[in-house]
Amino acid sequence: MEVNGAACRLLGLEREKLLEWKWSDLAAIVLDPQSDPRPEGFGELSFTKPNGERCFIEFSSTQLAPDLNLSILRDLTERRALEHEIQEISEREQRRLGQDLHDGLGQSMTGIAFLAKVLQQKLQARNIEESESAGNIAWLINEALAQTRRLSPRPLSVVLDTNDIEAALEQLAENLRTLFSVSCKLQCQQDIKITDNAVAVHLYRIAQEAASNAIKPATPRTFS
């Protein structure tokens, strides 16, 4: 029956055109419904304006009569863009941290392990009993180096670079098996294709958090 100027700008339609629409017409242009776009309810919708601009809205609709609804729409596009920007910054920092662990700390520890091994060999050549302690130091440094490499966010890099969620989850399972000595098996449907990088990263984060929560309360030996 009536629309305001904000609704026209949000949907990218002239007032006269929008007044010809029904609620079902709006649902027809939805790309990614976050809830059931029924005449009465609350949720989020994603759609494309006639000019090609991608928008996100939050809607609240109340049915006042069989053919009369009061609908309130709120533009979430800017908030979603800011959330996406924050996520990208976070993921860049994750990658930088992984690179620093590999190139900086990793190489320093490799050098220290090498020096400890050389020290062990020199002590052995002089039949000094502390050579065994030097060998233990070299072994411990190599173990710490291996753990550092496992902790670097390589699985997430796979997601960020290729959206290959299956490869990232398989690496996550391998890390869990190695770090926590549990039997972790990945069961994944074949040919999963994810084009949206943000979706791939979110799915990986959910799996990572679920695995972490499964390990914390107890000491499981097997999970999937």
What number of residues within the range 73-96 satisfy the criterion of being in contact with a helix residue (DSSP H, G or I) (Cβ under 6 Å, 6 or more places away or on another chain) and acidic (Asp, Glu)?
2
Among (1) of a type in the set (D, E, K, R); (2) over 25 Å from the mean Cα position of the chain (by Cα); (3) more than 30 Å from residue 19 (Cα to Cα) - the single one residue 49 does not satisfy:
(3)
Looking only at the range 62-83, decide whether some residue is modelled with pLDDT under 75 and farther than 30 Å from residue 145 by Cβ.
yes
If we keep just the residues of the range 144-172 that are more than 11 Å from residue 201 (Cα to Cα) and open to solvent by 60 Å² or more (accessible area, probe 1.4 Å), which is modelled with the lowest pLDDT?
154
Of the listed residues (127, 51, 136), the one being polar (S, T, N, Q) and under 23 Å from residue 5 (Cα atoms) is 51
Just checking, does the range 102-112 include any residue being at pLDDT 75 or above and among the acidic types (Asp, Glu)?
no
Cβ contacts < 8 Å: first residue without any contact (Cβ under 8 Å) to a residue 12 or more places away in the chain, restricted to the range 66-79; second residue loosely packed, with under 15 Cβ neighbours inside 10 Å, any location; separation 6+ or different chain. Result?
70/62; 70/64
Please verify whether residue 128 is modelled with pLDDT of 75 or more and out of contact with any helix residue (DSSP H, G or I) (no Cβ under 6 Å at 6 or more places or on another chain), treating the condition exactly as stated.
yes
Would you check which residues across the range 51-65 are of a type in the set (S, T, N, Q) and free of Cβ contacts under 8 Å to residues at least 24 places away in the same chain and list them?
60, 62
Of residues in the range 19-55 being in contact with a helix residue (DSSP H, G or I) (Cβ under 9 Å, 6 or more places away or on another chain) and crowded, with 16+ Cβ neighbours inside 10 Å, the one modelled with the highest pLDDT
55
Restricting attention to the range 173-199, report how many residues are open to solvent by less than 30 Å² (accessible area, probe 1.4 Å) and closer than 22 Å to residue 147 by Cβ.
5
Quick one: what pairs do we get from the range 165-189, first residue of a type in the set (Asp, Glu) and part of a helix (DSSP H, G or I), second open to solvent by 20 Å² or more (accessible area, probe 1.4 Å) and modelled with pLDDT of 85 or more, C-beta under 6 Å, 6+ apart or different chains?
170/186
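The values are calculated or read from the model by the stated rules, or taken from the named source; none is laboratory data. Everything numeric here is computed off the predicted structure, so don't read it as measured data. Because the Cβ atoms are built from the backbone with ideal geometry, glycine has one as well, and the counts that use them run over all protein chains shown. Note: accessible area is taken over every heavy atom of the protein model, side chains too, but ligands, DNA and RNA are not part of it. Shrake-Rupley method; radii C 1.70, N 1.55, O 1.52, S 1.80 Å.
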